[in-house]
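Everything on this sheet refers to the single structure shown next.
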Amino acid sequence: MSAVLADPLEAGPAPRTVWSAAAARFRMDRVGMVSLVVVLAFLLVVLATALGLLASDWQVERGVPDAPPTFLGAAADNQAQALDGPHGPSADISAIDPLAPMYQAWAEAAKKYQTRDAVRAATLPFGADRLGRDVLAKALKGAQVSILVGVSAAVVATLLGTVLGALAGFFGGPMGDVLEWVYNVFTAIPGILLIFAFAAVFPRGVTSVVLILGLAGWTGIYRLVRAEFIKHAVRDYVRSAEALGASASARIFRHILPNVSHVVLVQLSVHVVGFIKSEVILSYLGLGVGVDQVSWGTMLSEAPSELILGHWWQLAAATILMATFVTAFSLMTDALRDALDPKLRGLE
Amino acid sequence: MAGYLIRRLWQMIPTLLGVVLLVFLLFKGFGGDPAEILGGQNATQAQIDAIRQQLGLNEPWWIQLAIFLREIVTFDWGKSWATNEAVSHLFATRLPATLTVMIPILVADTLLAIPVAMGVAYLRGSLTDRTIMVATTVALSISFLVYVIVGQYVFAFQLGMFPVQGWSDNLWTNLRVYVPLPALLSVLVGLAPQTRLYRTFFLDEIGHDYVRTARAKGLTERTVLLKHVLRNAMIPILTNVAVALPGIFVGSFLIEVFFSIPGLGRELWLAVNRSDYPVIQAFAIYIAVITMLVNLLTDLLYKLVDPRVVLK
């Protein structure tokens, strides 16, 4: 059969599988390939920052506070405009100063510590934040947190949605009813409200954000996977497998799942983009990653107060990186969908 | 009709019970001990025990669930832990602000997206169409947050066209002074996805036979689009608006927090930050009820708009 279907131009006996056909279609899509390269570049950055090769010193205060980007030149010195300090001799208040006896001891204690005069740069490649931290390093480290949160949350949501959808679609009956009920309950509460309810009881941190987004976002995938499983469960190949003695779990995971995996893959990809956007909003609202971490959302939450002073670079850095990644990922998802499901091409 | 209504209302009961159970278990299982939150950091063990006794936390879980159900049915949630304001009063006073912002946004969004989408659909395949589609893809990839931050900075702070943020007690003042900027930003951001969606609705209709017939009759493209295509495309558009409708009760959290609008979204955000459990629980359950009722209502309206729809 495969010999008949195989492309006559293709040399070699290897049959074309669904995946190799999809890969061939994907390679034809120029926009998809370019966006794939961009996404892979971002993933390399994520890997490098995770391993500490890149931006591991994002917390070091290397520049003067709010140092402008190098291409703008150093900020004008405001000292000249400041009011003069007081003139004249200092009054001697040591007779009435209650702390006077302590000064000697404190000076002794202070000698035990070495102070280091850090040289702070007047400008940094893409400026500095309020504390003088390098914005570029922050944005790269932030990319790691934001992308990891988005991808992990999408994996959690996809796993939940796929397993529950497979069970509901394959078994139906009482189990299907119970799962439908759970689905109805989760969709009855508006999504953002559900996220807030989870955020109220979970502690702050990356793991919590992943869990919150995953637990609140699995319903759409469940719906699609369930529909696919209902369709496939009665098909001949599944019934033949049953006749050959394949167990229920083998039929679900070994026979049907590979045939619906393209749906799952596209959904995973769609959800990554959505969850990255949600993480940004959650972090802005103070319900996201912890205060000792940086993500695109925490960078944006510092932006309004900086913008009033005219310091636009942190906002720009986070926005540009995020827009590039999300656009590339969305275009890659579109290409992926077209490649995996040619019937859908041009519908959107 | 009456039978349909009764059946739909009857079907809501198990879902509603599930929502109650979910909220109850979530806060019981994962939330911190309410007595410790209420008592604060300096509370003695005796005080915490007293609070536990008072809230019924020493009772078995089914009694606590019964207390919870009684609170829901009687609308008596007691007081907010943080502000000591009655929760029902909180809900009633915050809802108007949310609706004052969200209704203009929904209306403006829909009214603007329809002509834009129809224009893009009319120009389908041309350079303008493709440019607009690429522009919306890029526009969609930038976080809503960025638009709000930059919009407030440019329009309110730099140009001084609107107040930076604020709210008053007067509905008219609110609509005239404080709503325009948040509404403008939301509509600008909402326009891109709406346009993409509505464009596909129009394109679906344009491919139908009746459009070809209308053109063959010699009608102008304008008449075909405005009289024939628009009416049929209104059905999916209305469905889409109906789906968005329950959202106006939750409001846009970001808009309300960012512009300090005292609506439900901002109140809920404050409650989450203060671990104010009664407020969160009450909001979650009542908004779920409102969502279900609005969904039912839109299903009924749908029947009015499209006589072909059969309710079953």
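Peptide A:277-286 has a mean shielding of 4, counted as Cβ atoms of other protein chains within 10 Å of each residue's Cβ. The mean number of partner chain beta-carbon atoms within 10 angstrom of a residue's beta-carbon across peptide A:84-95 is 0.
Across every pair of different alpha-carbon atoms, what Kirkwood hydrodynamic radius in Å does chain A reach? In chain A this quantity evaluates to 24.7 Å. Pull out a ≥ b ≥ c, the square roots of the eigenvalues of the alpha-carbon gyration tensor of the stretch A:229-348, then state rounded if a/c is under 1.5, prolate if not and a/b is larger than b/c, and oblate in the remaining case. Prolate, since a/c reaches 1.5 and a/b exceeds b/c. Largest GNM mean-square fluctuation across B:Ala97, B:Ala242, B:Ala35, computed for chain B with C-alpha springs under 10 Å, falls on B:Ala35. If R0 is taken as 41 Å, the Cβ-Cβ distance between A:Ser90 and B:Ser168 corresponds to a FRET efficiency of 0.20. If you plug the beta carbon distance of B:Glu221 and B:Asp299 into 1/(1 + (r/R0)^6) with R0 = 30 Å, you get a FRET efficiency near 0.30. In a Gaussian network model over chain B where Cα atoms closer than 10 Å are linked, find which of B:Leu185, B:Leu17, B:Leu293 has the largest mean-square fluctuation. In this elastic network of chain B, the residue with the biggest mean-square fluctuation among B:Leu185, B:Leu17, B:Leu293 is B:Leu17.
Annotation: extensible slack from B:Ile13 through B:Leu175 equals 54.6 nm (criterion: 0.36 nm per residue apart, minus Cα-Cα distance). Approximating the spin labels as points 7 Å out from Cα along Cα→Cβ, the B:Arg124-to-A:Leu211 distance works out to 4.8 nm.
Take each residue of peptide B:152-159, count the partner chain Cβ atoms within 10 Å of its Cβ, and average: the result is 2. Gain on full extension, evaluated as 0.36 nm per residue between B:His208 and B:Leu188 minus their Cα-Cα distance, stands at 4.1 nm.
Contact order, relative form, for chain B: 26 percent (alpha carbon pairs under 8 Å, 6 or more residues apart, mean separation divided by residue count). A straight line joining the Cα centroids of the stretch A:161-240 and the stretch B:102-125 runs 33 Å.
The packing ranking of peptides B:48-57, A:277-286, highest mean first, is A:277-286, B:48-57, where packing means the average number of other beta carbon atoms within 10 angstrom of each residue.
Helical runs (DSSP H, four residues minimum) scored at -39500 (n - 2.57) apiece and divided by the length of the protein assembly as shown put the mean residue ellipticity at 222 nm at -21500 deg cm²/dmol. Compactness of the stretch A:120-202, taken as the C-alpha radius of gyration over 2.2 N^0.38 Å, stands at 1.80. Once the Cα atoms are used to define both axes, helix B:180-206 deviates from the longest principal axis of chain B by about 50 degrees. Using a Gaussian network for chain A with springs between C-alpha atoms less than 10 Å apart, which of these wobbles most: A:Ala250, A:Ala67, A:Ala55? Of A:Ala250, A:Ala67, A:Ala55, the most mobile in the Gaussian network model is A:Ala250. A cut-off under 14 angstrom between Cβ atoms defines the neighbours of B:Ala113, and their net charge, with Lys, Arg +1 and Asp, Glu -1, is +1. The stretch A:88-144 and the stretch B:249-311 have Cα centres spaced 49 Å apart.
Value of Rg to Rh for the stretch B:1-118, rounded to two decimals, is 1.14; Kirkwood radius and Rg both from alpha-carbon coordinates.
Give B:Lys227/B:Lys303; A:Lys231/B:Lys28; A:Lys141/A:Lys277 a once-over and call out the pairs whose C-alpha atoms are over 28 Å from each other.
Details: B:Lys227/B:Lys303 21 Å; A:Lys231/B:Lys28 39 Å; A:Lys141/A:Lys277 17 Å.
In this structure, A:Lys231/B:Lys28 lie more than 28 Å apart at Cα.
In this calculation the C-beta distance from A:Val119 to A:Phe71 is compared with R0 = 25 Å, giving a FRET efficiency of 0.75.
Computed from the coordinates by the stated procedures, all read-outs in this text should not be read as laboratory data. Not measured: the values here are computed from a predicted model. Note that we place each Cβ from the backbone using ideal geometry, even for glycine, and neighbour counts take in every protein chain shown.
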